[in-house]
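Visitor: Structure below; questions to follow.
Bear in mind that the values in this text are calculations on the coordinates, not laboratory data. Not measured: the values here are computed from a predicted model. Positions of Cβ are generated from backbone atoms using ideal geometry, with glycine treated the same way; all protein chains shown enter the neighbour counts.
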Amino acid sequence: MTPFIFDFTGIKPSVEYVTEQEAENIQKEILTRCPYKVPTVDEIIKLIDTAYTVDKSTFITDVFECGALSISNLVDKTQYNAREEQYKKVITKYNKKEQILMADIFGKIFALLSSVTYDNGRFDDYLGKLFMQCNMGNKKSGQFFTPYHISELMARIVITEQEQRLLQQKDEIITINDSCCGAGGMMLAALDVLKNTYKINYTRHCFIECSDIDIRCVYMTYLQLSLAGVPAIIYHRDSLTMQTWSVWKTPAFVFQYLRFAKYE
C-alpha cells in the first residue's frame, strides 16, 4: 500500500491509502492533462492589438512565418540556411520592443496549439479563427474558412470506425489529403475524430499531405499540424498547375521518416 500523497491542498481525500496500481493511474492522469492555463484566441488578439506602430495584417503574418521558420529549422536541416536567412530578413524589420511582442504572441500560440496533444485538450481551428477575426481573409477571392463544427461533422461522416480499426490493427497508415487547406481546419477535425472518437494514435497511424496557394495558409497549417504532433507535409502550391514554391515537413514526419518516407 502507498500513502496518498496528493492531500497537500487541504482537501481530505476519500481514501487514506491507494494501491500501487491506483497510484500509477493517478500519475498517468496527471501526465496526460495540460499542466498550464491554455490561452484563448481572444487573448492572443488582444495582445496583437497592442502593436500600434505596425500594420497588423503584416505583423501577424510575420509572426506565423517566423514561428514556422523556427520550428522547421529545428528539424529540417536540408533547408536550414535559406530559412535562417529568411527569418533574419523578417525579424529585422521590427525594433526590439516589437520583436519581444512577436515572441510573446508566438509563445501563446505555441501553448494554445500544443494543448490539443493532452487528453483534456480541445481541437479547433484556432489559427483559422484568429485569421478571420483579424480580418485577414481575402474576400475578393472568396477566402472564407469553414467553421470548425462543420469540418467536424464532415469528418465524422467520412471517417468510419471499421476502416480505421482495420488499418490500426495491421499497423498501417491512414492518409488524408487537402489540396486547399486554408489554416488546416479540415485536417484538425479529422484528427479530432481519430483521437477522441476512435482513440487512434494519429502520430503513428496517420499521414497528412496538404497544400495551399496562399503562403499565409501554409504557415498556419504547418504550425497547427506541427504542434499537434502530426506526421505531415504541407506544400506552398498551385493545386491546378502543380507549381510548387516550398515544402514544409512537420517534426513528427522528420522524426519518423523511415515510416512515412514513401509519402514524400
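Visitor: If you build the Cα gyration tensor of region 41-263 and take the root of 5 times each eigenvalue, what three semi-axes come out, in whole angstrom, biggest first? Can you show the working numbers first?
Guide: Working: eigenvalues 166, 76, 56 Å².
Rounded to whole Å, the semi-axes are 29, 20, 17.
Visitor: Okay, next question. If you average 1/r over all unlike Cα pairs in region 38-90 and invert the result, what Kirkwood radius do you get in angstrom?
Guide: 12.4
Visitor: When the gyration tensor of region 171-264 is built from Cα positions, what are the square roots of 5 times its three eigenvalues, in whole Å, from largest to smallest?
Guide: On the way: eigenvalues 89, 42, 24 Å².
Whole-Å semi-axes of the equivalent ellipsoid: 21, 14, 11.
Visitor: Once R0 is set to 35 Å, what does the formula 1/(1 + (r/R0)^6) return for the Cβ-Cβ distance between Gln99 and Ser179, expressed as a FRET efficiency to the nearest 0.05?
Guide: Details: r = 35 Å, r/R0 = 1.00.
Calculated value: 0.50.
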